[in-house]
Amino acid sequence: EEIERKEQEEADRIRLEKERKKQKEREKKERQKREGTYMTKKQKQQAALAQQRLEAMRAAGMEVPSGGRNKPQYGKKKKSKEELEEEKAAEQARKAEEEARKAEEEARKAEEAKKAEEARLEEAKKAEEEEEEDSGDEWDASDSGDDWDADSDASGPKMDALEKRLKQATTSMEDSSDDDEDLIEKEKRKEKERLAQLGKERAERERIQAERMAEIQAQQKEMEMQELLIAQKKEDGKKRRLEQEKANLAARTRDDLRCPIVVIMGHVDTGKTKLLDKIRKTNVQEGEAGGITQQIGATYFEKKTLLAQTAKLNETEKFDLNLPGMLVIDTPGHESFTNLRSRGSSLCDVAILVVDLMHGLEQQTIESLTMLRNRGTPFVVALNKVDRCYDWKTCKDTPIRDALKEQSEGTIQEFRSRSSDAKIQLQEQGVNSNIYWEMGDDDWENSDFVPLVPTSAISGEGVQDVLLLLCQIAQRKLWRQIMWCANLQCTVLEVKAIDGLGMTVDVLVVNGYLKEGDKAVFCTLDGPIVSEIRGLLTPPPSREMRVKSEYIHHKEIKGALGVKVIGNGLEKVMAGTPVMVVGPDDEVEDIKAEVMSDLTKLQEKLSTDKKGVMVQASTLGALEALLQFLREETKPPIPVSAIGIGTIHKRDVTKISIMNEKGCPEYATILAFDVPVTKETREHAEEVNVRIFTADIIYHLFDQFTRFMENLNEKRREDAAAIAVFPSIIKILPQHVFNTKDPIIVGVEVVEGILKVGTPLCVPALDGLNVGIVTSIEQNGKEQETARKGASVAIKIVNENNPTITYGRQFDASNSLYSTLSRASIDALKLHFKEKLENEDWRLVVKLKKVFNII
């Protein structure tokens, strides 16, 4: 370890030393660059080559100019001709002397060269002789004083040396040029390699990108193929399902009927609940509990129970009962009716519409009547509270006709009178009706006729009649509808949390089977959910529903029956939505789409511009009824931007509060139909300026919102009154000028439009002269706010900006006065006072736009 440490220290020292040297080199270069003495390697080589050439020329005895230039002489006077000739002669003499000196120098150099040459050529005789001849010639030549010969002789050894040095310099230059070429080639090679590397990297990137794109395209193609495959499977599944449903419908027979489903509807306090209790408890009160079973959400009457209950009445009616029983929905009211629907069709077969004989038709009764007629559901009208007729003698649980026979003449007359009033009120709603035993065969065959049954929910008169009448209607008119079918018809009645079982769903199975282990599909606002049915429960015949141990478990349930379903993830299931089961030949996606079809259709009908109120209802059916009412029966229609089912939460309030930011505070409203609102939600709504209107009757909800809108529009009109100017043209009546100045009080006739208090007046013919503002209008000594076309009134005009304006000076009766309109005033009229202006008033607005050049 010590050795390794020392080696590491040595390596670090060497590295630091190298870095220090490099730093010094860099500093030196920087300094040279600043001083202007820095040379590159190539420049240094060229400078060295030039220096070697100079030294070689000097060694050869050649004169090398210093490179300096003679400085010009300025300021000397021009010489005369004699002076010039003298200077010329002196110059010639100097030149001759210079030439003589050069000749002597060259001779001396030649002599030295000769001696050196002789010493060098002593060894070779032939060379000596030749050298002697040459030297003799050279000597003669030098004696003759020939400059050229002297230069030629001197060129021997000196020129060799010069040539040698020049050759060396040339070689050095060639080497340096080779080095330069090597450096250039190296740089080129490096650049080429760099570009090649960049090209490779780019090609690699393009390859990776191409692979990725190909992978994405392949995935998209695969997804498209999968979607197509899923869509194809879904379509095939739908086709198979529809064929199976068609086959099941064809297999129905009149011998296999199911129980008709009955709902009791009517206004508050008409006796719906008491009548329902009376129907359910008729035999119980007599101690005969057998045959009446309290199912989940419904009371089931077996056939023998129906026969026993209607036996007394049937002695006279002689009706052959073929129904397997009857299922009466436990919850009275139209909520149950709207709830009983599945995939667009009503599950309610027949209804009892309860009418208070004492009060006649009331608001909620009319609403229920409208619902029944819209769905085409047959119904019986129970004229309840017949025992409230004067001096009524109670005949407990007897047929109504038997009870009427026991009454006095006065009581019967009151009953006749009140029942006639009820018939007239029904007729006003477009419903033909008659007391059921007074209906002829034609009335029964005519589906428009509704039977009336007098009843008493307290003492039970007429209850047998209602039950028998329901059976008759079901058998005579509805037998096609109540033939049992294998197609599953099932709807959610309620979602409940039960101790020990968790979240359970109460459903009504109308047709088909539900089995334990089935994959059931439920509808929620977040989309469809698939849950395995873990249990099917019904309460025991004792009708007690206290603890879970008392529930009876079933492996299979056949409609029509109410049942509690246990499964996972059922918290968000919505009441009133259909339930479907995925069979062995079904496609899950097709079943999901079918389950969600009702909700999807509702959501498609929402406001497209996303501006509107939020509507919350207890069930899907109630939501559908409310939306239809808001869209079709309200004038103008109320736009809806969001929907919800069940209790209103803070998130719903936050969702609709966005309307305040969109500039539509009137739509920051929740219309809650028959749903609870928590205290925290109401507090949060007040914080974010959201209104929550709640009601159990659709009409009441509409009335609340209408009142709110009227108040809001009135407030807006008051705010816009200062801006909005009503169009008018008035003519001054010259014989009715009461005051000419501050204020001007004159009699006028309204030629066109509406003259209103607060209208600014001007005279366009006098360059738009501002006359003032109308502060009061009087007619026949009474003040009024407006005066319409053709009216003659006295008006007071005040001009605070120009109180000196005077009638008869700046303007007179020959000038008509016009309302001063602007673009802002016209916009305010359109927005807030559109309904107060008639067509001719709007035509006047168009005319005045041209007068005032308003675009």
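The values are calculated or read from the model by the stated rules, or taken from the named source; none is laboratory data. Every value quoted in this text rests on a predicted model; they were computed, and no experiment measured them. No Cβ is skipped: glycine too gets one built from the backbone with ideal geometry, and neighbour counts run over all protein chains shown. In case anyone asks, the SASA skips ligands and DNA or RNA and just uses the protein heavy atoms, side chains included. Shrake-Rupley method; radii C 1.70, N 1.55, O 1.52, S 1.80 Å.
Some observations on this one:
- Qualifying residues in region 344-375 (those that are open to solvent by less than 10 Å² (accessible area, probe 1.4 Å) and within 21 Å of Q475 (Cβ to Cβ)) - the one modelled with the lowest pLDDT: L347
- Considering residues of region 837-855 that are open to solvent by 50 Å² or more (accessible area, probe 1.4 Å) and over 19 Å from L769 (Cα atoms) only, the residue farthest from the chain's Cα centre (by Cα): E840
- For region 726-742, the tally of residues that are crowded, with 18+ Cβ neighbours inside 10 Å, closer than 18 Å to Q784 by Cβ and out of contact with any Gly (no Cβ under 6 Å at 6 or more places or on another chain) stands at 2.
- Output for region 529-556, where each listed residue is out of contact with any Asp or Glu (no Cβ under 9 Å at 6 or more places or on another chain) and modelled with pLDDT under 90: L537, T538, P541, R543, M545, R546, S549, Y551, I552
- Residue within region 595-612 that is hydroxyl-bearing (S, T, Y), open to solvent by 10 Å² or more (accessible area, probe 1.4 Å) and not in a helix (DSSP H, G or I) present: yes
- All conditions but one from (1) assigned to a helix (DSSP H, G or I); (2) touching a helix residue (DSSP H, G or I) at 6+ places or on another chain (Cβ under 8 Å); (3) open to solvent by 10 Å² or more (accessible area, probe 1.4 Å) apply to I643; the one that does not is (1).
- Single match in D590, D585 (criterion: open to solvent by less than 10 Å² (accessible area, probe 1.4 Å) and acidic (D, E)): D590
- Lone unmet requirement of (1) closer than 17 Å to K849 by Cα; (2) of a type in the set (G, A, S); (3) modelled with pLDDT under 90 for G753: (3)
- The set of residues from region 664-720 being of a type in the set (D, E), surrounded by 14 or more Cβ atoms within 10 Å (Cβ to Cβ) and more than 20 Å from S641 (Cα to Cα) comprises just one member, D696.
- Hits in region 778-793 (condition: open to solvent by 30 Å² or more (accessible area, probe 1.4 Å) and small (G, A, S)): G781, G790, S792
- Candidate set from region 273-301 (those that are open to solvent by 60 Å² or more (accessible area, probe 1.4 Å) and among the charged types (D, E, K, R)); member that is modelled with the lowest pLDDT: E288
- Some residue of region 809-826 being open to solvent by 70 Å² or more (accessible area, probe 1.4 Å), within 43 Å of the chain's Cα centre (by Cα) and without any contact (Cβ under 8 Å) to a residue 40 or more places away in the chain: yes
- Candidate set from region 718-735 (those that are out of contact with any strand residue (DSSP E or B) (no Cβ under 7 Å at 6 or more places or on another chain) and assigned to a strand (DSSP E or B)); member that is farthest from R823 (Cα to Cα): Q735
- Counting only residues that are without any contact (Cβ under 8 Å) to a residue 24 or more places away in the chain, crowded, with 18+ Cβ neighbours inside 10 Å and closer than 13 Å to I744 by Cβ, region 756-777 holds 1 of them.
- Of residues in region 232-272 being open to solvent by 50 Å² or more (accessible area, probe 1.4 Å) and among the small types (G, A, S), the one nearest to V595 (Cα to Cα): A247
- Considered as a group, the residues in region 827-836 that are open to solvent by less than 30 Å² (accessible area, probe 1.4 Å) and in contact with a Phe, Trp or Tyr (Cβ under 9 Å, 6 or more places away or on another chain) include one that is modelled with the highest pLDDT, and that residue is L829.
- Residue check, T398 more than 22 Å from C471 (Cβ to Cβ), crowded, with 17+ Cβ neighbours inside 10 Å and not small (G, A, S): no
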